[in-house]
1. Would you list which aspartates and glutamates come within 13 Å of LYS138, measuring only between C-alpha atoms, while excluding same-chain residues fewer than 8 positions from it?
2. Can you give the extra length, in nm with one decimal, that the chain gains between GLU224 and PHE189 once fully stretched, where that is 0.36 nm per residue apart less the Cα-Cα distance?
3. Calculate, in nm to one decimal, what GLU166 and GLU198 gain on full extension: separation in residues at 0.36 nm each, minus their alpha carbon distance.
4. What net charge is computed for the residues neighbouring CYS134, neighbours being all others with C-beta under 12 Å from the C-beta of CYS134, Lys and Arg scored +1, Asp and Glu -1?
5. Sort 157-164, 93-100 by packing, meaning the average of other beta carbons within 10 Å per residue, with the highest value first.
6. Order of 55-62, 207-214 by packing, highest average Cβ count within 10 Å first?
7. Go through the range 124-131 residue by residue and turn each phi into a ³J(HN,Hα) via Karplus (6.51, -1.76, 1.60, θ = phi - 60°); whole Hz please, and just put x for glycine and proline.
8. Of ILE79, MET181, TYR108, which is farthest on the positive side of the dipole of the range 69-200, counting Cα position, with +1 on Lys and Arg Cβ, -1 on Asp and Glu Cβ, and the Cα centre as origin?
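Laboratory data are not the source of any read-out in this text; all were calculated from the coordinates shown. All of these numbers come straight from a predicted model, not from anything done at the bench. FYI the Cβ positions are ideal-geometry reconstructions off the backbone, even for glycines, and counts take in every protein chain you see.
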Amino acid sequence: MKKILVFLLAGIMILGVAGCGQKDATTENDSQATIENNDNKGQEENNVSSSIGFGVEAVKSAPETDVSMFQYEEIDGGISITDYTGEDAIVVIPEKIDGQDVIAVGEYAFSNNEDIKGVKIADSVTVIERDAFCNCSKLEIVICGKNLSTIEIYAFNNCVALWHMELNEGIEILKESCFAMTDSLKEIFIPSSVVTMEYPFIETQTNVTIHTEAGSVAEQYATEMNIPCETK
């Protein structure tokens, strides 16, 4: 009987030690997981800060991209960019090529590009034509020139990384689905100079907030499409 009691007590002690060891290991694992999660969160925040820091100021202050990186054609009134052959992360459309004003970013000129992250449109450009930047998967920032008048159909369609779109005062026309599927775009200011909006966002795209002036076409559009809108 005594031997049985001794064995039972020994078993209980062993189980108790094993249990404490498991608890300590679990606590240690939980602590390590918490540290790793915090590290990952910090890294994500650093990445976001780095991206934002890179973005707007870098694009605005970047020099014009060398003309040799573009293919182009003469059109009525100036030059249209038809293709981009470089690999730069930031592209600045030049004001002039061969002594003529660059007035258009042509159809499909940058479509499916996987290098560019930022684009600055020259002040001479008056139109961004259809599908000009469609499916540019890494494009984050677009700064429009002061004379841009029209953004054509699907111009920035499916630019999934686009978060900063700076439209110029004086722009007038935003064509159908020109900003469709830009799910990273959370805010956009649409000036009151815009007189035509042919459904630039798709119906289900309610992740973006439109900032505009009270009574503008943009406000009317936001109300019609049930898109968040803030006016001043």
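1. Once the sequence-local aspartates and glutamates are set aside, what remains near LYS138 is GLU87, ASP88, GLU114, ASP115, ASP183.
2. Values: separation 35, 0.36 × 35 = 12.60 nm, distance 1.73 nm.
Full extension from GLU224 to PHE189 adds 10.9 nm.
3. Numbers: separation 32, 0.36 × 32 = 11.52 nm, distance 1.88 nm.
Going from the current span to full extension adds 9.6 nm.
4. On the way: positive: ARG130; negative: GLU107, GLU129, ASP131, GLU152.
Here the charged neighbours net out to -3.
5. Numbers: 157-164: 19.9, 93-100: 15.0.
So the peptides 157-164, 93-100, ranked by packing, come out 157-164, 93-100.
6. Numbers: 55-62: 15.2, 207-214: 16.9.
Packing order, densest peptide first, comes out as 207-214, 55-62.
7. Using θ = phi - 60°, the values come out as 6, 6, 10, 9, 9, 7, 4, 6 Hz.
8. The residue sitting most towards the positive pole is MET181.
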